[in-house]
Structure formats: structure tokens, C-alpha cells
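What follows is a single structure, written as C-alpha cells, with notes after it.
The values are calculated or read from the model by the stated rules, or taken from the named source; none is laboratory data. All values reported here derive from a predicted model rather than from experimental measurement. No Cβ is skipped: glycine too gets one built from the backbone with ideal geometry, and neighbour counts run over all protein chains shown. Heavy atoms of the whole protein, side chains included, go into the accessibility calculation; ligands, DNA and RNA do not. Shrake-Rupley method; radii C 1.70, N 1.55, O 1.52, S 1.80 Å.
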Amino acid sequence: KAEALRSPLFLYIRVHKTEYTQPMKSKSLVSIDQCSKEDILRILDNARKFEANPNRKVLEGKVAATLFFEPSTRTRLSFETAVNRLGGRVIGFSDASTTSSSKGETLKDTILMVSNYVDLIIMRHHLEGAARYASEVTDVPIINAGDGANQHPSQTMLDLYSIQKTQGKLTDLNITMVGDLKYGRTVHSLIVGMSHFNPTFNFIAPNELRMPDEQKNFCDKHGIKYNEYTEFTEDIINQTDILYMTRVQRERFTDLEEYERVKNVYILKNDMLKNSRENLRILHPLPRVNEIAYDVDDNPKAYYIQQARNGLFARQAIICEESRFLIFNFQLSIFNYQKLCQQKRKKNCRSPL
Ligand code: CP
């Protein structure tokens, strides 16, 4: 452990804050606060175009790596599907114990090695700041697929896409976040992503898992209204447009007795939705454990399965946005397509997007 604490990654994380303030023109996506309102709206618009046609071969000849030092179902598989549907190829691992990091290889060396092989790295790591660190040791674009309790920017983009699709807008919405608001990187990222759109937040969490001061200070600084509760009541649900449920994450607790005390504190049941707004939609980044009863699944207001599907299109849009060489190829492919159309003098020809 002492050796690990002296490693370049630990020293880096101790010295640097985890916020990433590089603008979107940076080639890596490490944190949602890199994205301006215009960036977000453009990516959501492109996600909509990818949903209309997900098979646009703009990544032919490119290779992406998915490096997952933490478990995942949706994020890894939707990123891999995104690259495949865009015509690229994928290498990577989903179990770091099968890699040389189990022999003591540092994250820096792993990133430098993988950079020898690929054009894009998509990485999930349990340490906050790991994605930013990776983005500073390589020239290959990095997409943060989750770093500890810190950030999960691609999840935020698919959440914003889901909110826009279901509400017809992003502005002036009442968003209730429930569960693990302390360690939940998806809620931390979503607050930043929604900050451009005048939201009102309700934060519902037990005292042990309440929203950290950092996020509340962010709301104060940006004039965002929020209320805090420890009770999960129908009254709050009935004033809500988006109900964002989260899992209590066992893997983030050092004290398992504390986890046992809070793990089942809030469970959404179907009869709690009977007086909810017509436009209410229930989101959850998933996986769920006990926090949404299975009888909610058949309620038309349950949207978490479609939300995960939206991840594919949002991630296709992010991949094309993030990497300059990819954007270049992407624009080139649009250019070639249009040229081809002109040459063939086809009527009604449509751009790939
Ligand atoms: N939402 C999300 O990050 O899911 P996975 O952990 O399955 O990737």
C-alpha cells in the first residue's frame, strides 16, 4: 500500500483537483464541465441523428480501446457497440486482474502501451482523477467512462438526451434525485450538465449519503434552486418531472455496517406514482438493486430501459465529437458522400447525419 501511495497516479491525484476545466476543444472528455451549453445541444442533436441511423461507417480503419478497471455492463457494451456500428474496431479488457496491472504495472505505463496500439481510449477506473491523469500522459484522446465517485460524463449526456426526448425540452424542469447522492458520480455530473437549463433539484438521501457540499456550493454559485430531504414522499414525487433513482453503491463503502443501515432506505413502488404528473419519467443509471420495485417496470412512466438504449446514440455522438481525427474523418466522409451524390446527380440525397 505504501508503494501504491507513492505511485505517480496517487501523487498526481493528491496534487491536482479532480475538476477538469479544459474546454470542449480539448481532445479528451474527462468531465462534463468541459461542455458548454452549445456543446451539449450539438451533441444531443447528433445523438438524435445517430438514433435515426446508427450505422454510419465513419470510423473505418480506426481502433478504440475499452479499459475497464471497474465492472460495467451498459457503459462498456454501449461504447463497444457504438464503435462497431461506426465501422471501427475495439480491443480492451473488462477485468484488470487479467492484465499486467496485476503484476504491478502502473496506470501510466498501461496507458502509454495502449496508446501504441489505438486511436481512442475509453477508460473506467475506481480512482477519482484517473481519467484526467491518463489524458495528461498520452496524446491519444481519452473518454472518461467513470472515475470513482467523481464523474461519468457520457452517462450525463445520455441522461440529458433522455430528458430532452421525454420532456420535449431541457429548461425549467423539476428533478428529484434519490438515494446515494454522496458517492453517486452520475448525479454529480448531471447537476453540472443541467446547470445550463434552470433546473430545480430535490435531493433525497439519508444523512450518511447526502449531497456533498461541493455540489451544493456549485448550485449556490450558479443560482440553481435545490431542496434537501431525508423522507421520500409522494408529495415530492407529485411535483416532479424527472425522478432520478440511484443505487446505494456497496463498493464505495469502507464501513459495511453503514452500508447495511442505508441500503434499503428508499424503495420506489408503483402505488407511489398514482398522483404523479403525466409527464413524469423515472430514470436510473442502472444497475438497480432494490430501489425500484419490479411492479414499476410496467408503468409507462418508467424510462430506465429506454434510457440505457439512448446510451448508444449519445456515445456515438460523443466519440465523433471528441476526437479530432475522428471528426476530421467524419467530415471527410460527409464531404465524400456529398461529392458522390453530386457526381451521380442524385435527387433527394441526404447527408450521413
Ligand atoms: N450506468 C452505468 O454506468 O452502468 P454500468 O456500470 O453497467 O456501465
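Points worth noting:
- Rounded Å value of the spacing that divides the Cα centres of the range 159-223 and the range 277-320: 16 Å
- Segment Asn238..Glu60, full-extension length gain: 59.3 nm, with 0.36 nm per residue of separation and the alpha-carbon distance subtracted.
- Computed over the range 248-324, the ratio Rg/Rh where both radii use C-alpha atoms and Rh is Kirkwood: 1.10
- Length available on full extension from Thr99 to Arg42: 0.36 nm per residue minus the Cα-Cα distance, which gives 16.8 nm.
- Legend: residue pairs Lys182/Lys221; Lys27/Lys49; Lys37/Lys108; Lys57/Lys103; Lys108/Lys221; Lys62/Lys169, Cα-Cα distance threshold 26 Å; pairs beyond threshold, Lys37/Lys108; Lys57/Lys103; Lys108/Lys221; Lys62/Lys169.
- Alpha carbon convex hull of the range 57-142, volume per residue in cubic angstrom: 85 Å³
- Using only alpha carbons, the range 95-208 has a radius of gyration to Kirkwood radius ratio (Rg to Rh) of 1.07.
- Å² of accessible area per residue within the range 112-265, as computed with a 1.4 Å probe and no ligands counted: 37 Å²
- Cα centre as origin, Lys/Arg/Asp/Glu Cβ charges: the range 133-197 dipole, Debye: 260 debye
- Here the range 165-262 is described by how far its Cα atoms reach on the three principal axes: 41, 29, 23 Å, from widest to narrowest.
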